[in-house]
Amino acid sequence: MKQKLKSLQVRMLLPVIVMTVFVIAMLTTLFSRAYISMILQREQEVNAVGFDTISRSITPLIDTSISDVRNIIADNRVASYARLQYNSMEKQIHGRIDCRDYLRPEIARHEGIFGLLFMRQDGSLFGVLPEGNIFLDDPQENPLPDDMKKQILNAPRAKTVWAGPVPGSVLYGFENEKTPHNIMIAAWKSVDVSYGVCYAMLLMDESIFGDLFSTMQDGKSTWHLFTSDLAEIYHTGSETCSNPERLISESNSGTIFHDEKGHSVCSFSMTMSSPDWTIVREVSMEDYEQLIRRVRSTICVIGTVVLLIALALYRLWLKGFMRQFNLLLNGIIRMGEGDLAPAASDPFDINEFEIMQEEINRTSTALNQQMDTIRQMERERMEQENMIKEQEQLVKELRTARQIQRSVLPHIFPPFPDRLEINLFASMDPAKDVGGDFYDFYFVDEDHLCLVIADVSGKGIPAALFMMLSKRILEDFARQEHSPGVILEKANKLLCESNQAEMFVTVWLGILEISTGRLTAANAGHEYPAIRKKDGRFELYKDKHNFVLGGMDDMPFKGYDLQLNPGDKIFVYTDGVTEATDAGGELFGTDRMIEALNSCAEGRPEDILQGVRSSVDAFVGDAEQFDDLTMMCIEYLGPVPKTQD
């Protein structure tokens with residue numbers, strides 16, 4: 001009896017032990033993989049925002065700086081010293097002073113220009129650095145490395161080449177705490193009748209990237225910036241990268257590897273198109289791995305404790321149950337044989353217990369399945385009822401939100417029936433119940449009409465809320481300022497202060513002076529407006545684009561002026577018009593929009609908007625509207641002559 005009981009215990013306990021160990025191993029493995037996958041996915045989302053922000057900021061900064069330098073070198077004082085044709089040392093000294101006094105304030109007032117040097121074809125240098133001047137008229141005194149000089153001297157005309165990085169001490173001739181460690185040089189060949197041959201070199205030091213990358217710090221990331229030949233320009237950590245090739249090759253692979261110090265890291269990278277630099281974000285995984293090890297240990301300890309308690313309880317239960325089962329079985333056998341006298345119990349056959357246990361398990365399983373089915377059906381019924389109620393409530397709320405959004409946009413036309421100088425019409429059709437596009441127009445005084453059209457990133461209720469906030473902020477500043485650039489700059493600063501959702505808005509804002517037809521406007525990343533002169537055709541006006549609102553704080557915004565004559569029309573819109581897509585995935589595009597505008601160019605603004613919308617609907621057909629579709633058209637009719645009483 002004891003031997004069979006022990007055999008039964010072992011036979012039943014062994015699968016339980018094996019299954020428990022297997023479950024513990026599976027739990028720890030699944031947790032580790034799921035947690036690492038979740039962390040990498042979250043880091044990818046962080047990368048998407050970080051890389052987009054950095055690449056969108058570096059390229060405009062560099063392009064603007066290069067454009068500014070091209071304007072600077074057009075000055076006669078620079079050209080005169082580039083030729084280096086002086087009859088006396090006194091004239092040469094005066095030429096240096098004149099060139100220096102011109103260049104110093106120019107590099108100081110242009111953001112992104114650290115220093116400005118020029119190299120003649122013979123290798124001699126002149127220009128200005130923050131802490132001194134360079135007028136090395138002797139080519140042998142040029143401090144640049146020979147390979148860098150050769151690279152710059154071989155640069156094709158008008159094409160920008162990047163050289164460096166080069167230590168700041170090479171150019172200054174000394175090193176202190178203010179001397180930059182890395183300087184990048186953007187160089188191009190400039191040839192004209194006044195210069196002869198000269199190479200302009202725009203110097204950018206690592207401090208230019210400091211403010212940009214400081215906003216990306218989260219305590220566990222190190223950012224690196226490499227040139228195309230893997231030279232490191234900038235890094236946010238305490239040390240430079242000793243193996244950039246491996247760091248870049250392992251990036252975006254979704255794997256964790258060990259750096260040169262043995263620390264667990266993962267990396268993500270992106271290569272910019274202009275210039276062809278590579279941005280790398282190196283993320284430390286040490287804290288995550290420590291957490292995974294602690295959770296694994298906890299799971300193992302808890303699993304072991306639960307297994308030991310279950311084994312002890314099972315052993316106690318099995319002893320009592322088998323004792324009662326043995327007495328019952330022996331009594332039944334003796335009673336069937338007619339033996340009613342007490343007798344010692346014989347060892348029982350385990351098969352009877354197994355047969356009875358199978359019947360009990362089969363009955364219990366059937367009952368449990370039926371109860372589970374009933375409970376599941378009840379849960380599904382309740383969930384379906386709740387889902388229907390939630391959907392009905394959501395539809396009601398979206399309908400109300402759509403009504404509220406439409407009510408805050410001007411919707412009565414003509415909007416200013418007593419102002420005969422203008423004819424204005426606008427419309428907004430959201431892709432969802434509510435959208436992120438909006439338009440607005442209002443007189444800031446008797447002679448100035450403010451026109452606004454904007455597109456918020458995203459769709460649905462979040463975009464609608466951000467749209468209403470942006471609309472209110474723009475109107476408040478427009479009633480205080482008459483400069484579109486200043487209005488956008490102040491609105492951008494206020495939107496960036498509490499933009500936790502990391503949304504942004506593109507805006508075209510213009511202020512029309514009714515008495516003269518002068519239109520002052522600024523464009524924050526929005527679509528180009530279309531303008532039609534009287535008796536002419538609509539054409540795109542490719543105005544200067546500034547950065548979007550809500551993207552980066554302290555961004556400058558520049559405006560421009562247009563002169564509208566009586567009969568001129570201007571049409572502004574959101575990308576929902578040009579990016580309307582048919583069933584085959586083809587975009588409506590700018591060319592079709594201009595064609596639609598010119599087909600009804602003689603009509604009123606209302607007729608023009610209806611004509612464009614009809615063309616879009618005919619092109620899209622049965623395809624679903626993908627984006628909000630917003631348009632506004634104004635016709636300037638000219639000042640109305642004052643009548644004499």
Checklist outcome for this item: The condition from (1) at pLDDT below 95; (2) surrounded by 24 or more Cβ atoms within 10 Å (Cβ to Cβ) that ALA426 misses is numbered (1)
Item to check | Members of the range 215-264 that are crowded, with 16+ Cβ neighbours inside 10 Å, over 19 Å from SER55 (Cα atoms) and within 23 Å of the chain's Cα centre (by Cα) | outcome: LEU247, GLU250
Checklist outcome for this item: Filter the range 437-463 for residues that are in a helix (DSSP H, G or I) and under 19 Å from the mean Cα position of the chain (by Cα); the one that is farthest from PRO414 (Cα to Cα) is PRO462
Checklist entry - On the given criteria, is THR28 over 30 Å from SER457 (Cα atoms), touching a Lys or Arg at 6+ places or on another chain (Cβ under 9 Å) and among the hydroxyl-bearing types (Ser, Thr, Tyr)? => result yes
Checklist entry - Looking at the range 412-439, which of its residues are in contact with a strand residue (DSSP E or B) (Cβ under 9 Å, 6 or more places away or on another chain) and free of Cβ contacts under 8 Å to residues at least 12 places away in the same chain? => result PRO414
Checklist entry - Considering the range 89-125 alone, what residues qualify as being surrounded by fewer than 12 Cβ atoms within 10 Å (Cβ to Cβ) and small (Gly, Ala, Ser)? => result ALA108
Next on the checklist: So in the range 71-86, with the set limited to residues that are within 46 Å of the chain's Cα centre (by Cα), touching a residue at least 40 places away in the same chain (Cβ under 8 Å) and surrounded by 14 or more Cβ atoms within 10 Å (Cβ to Cβ), which one is farthest from TYR102 (Cα to Cα)?
Outcome noted: ALA82
Checklist entry - Within the range 440-449, is even one residue over 22 Å from LEU424 (Cα atoms), modelled with pLDDT of 90 or more and assigned by TED's automatic domain parsing to the domain that holds VAL548? => result no
Checklist outcome for this item: Looking across the range 265-286 at residues that are farther than 30 Å from ALA186 by Cβ and outside any loop (DSSP other than H, G, I, E, B), the single one that is nearest to the chain's Cα centre (by Cα) is VAL283
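This table checks each residue for (1) touching a residue at least 40 places away in the same chain (Cβ under 8 Å); (2) on the phi > 0 side of the Ramachandran plot; (3) touching a helix residue (DSSP H, G or I) at 6+ places or on another chain (Cβ under 9 Å).
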site: CYS450; (1), (2), (3): yes, no, yes
site: ALA463; (1), (2), (3): yes, no, no
site: ARG479; (1), (2), (3): no, no, no
site: GLY485; (1), (2), (3): yes, no, no
site: ASN492; (1), (2), (3): yes, no, no
site: LEU495; (1), (2), (3): yes, no, yes
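The values are calculated or read from the model by the stated rules, or taken from the named source; none is laboratory data. In this text the structure is predicted, and so the values were computed from the model without any measurement. Cβ sites come from the backbone with ideal geometry, for glycine too, and all protein chains shown count toward neighbours.
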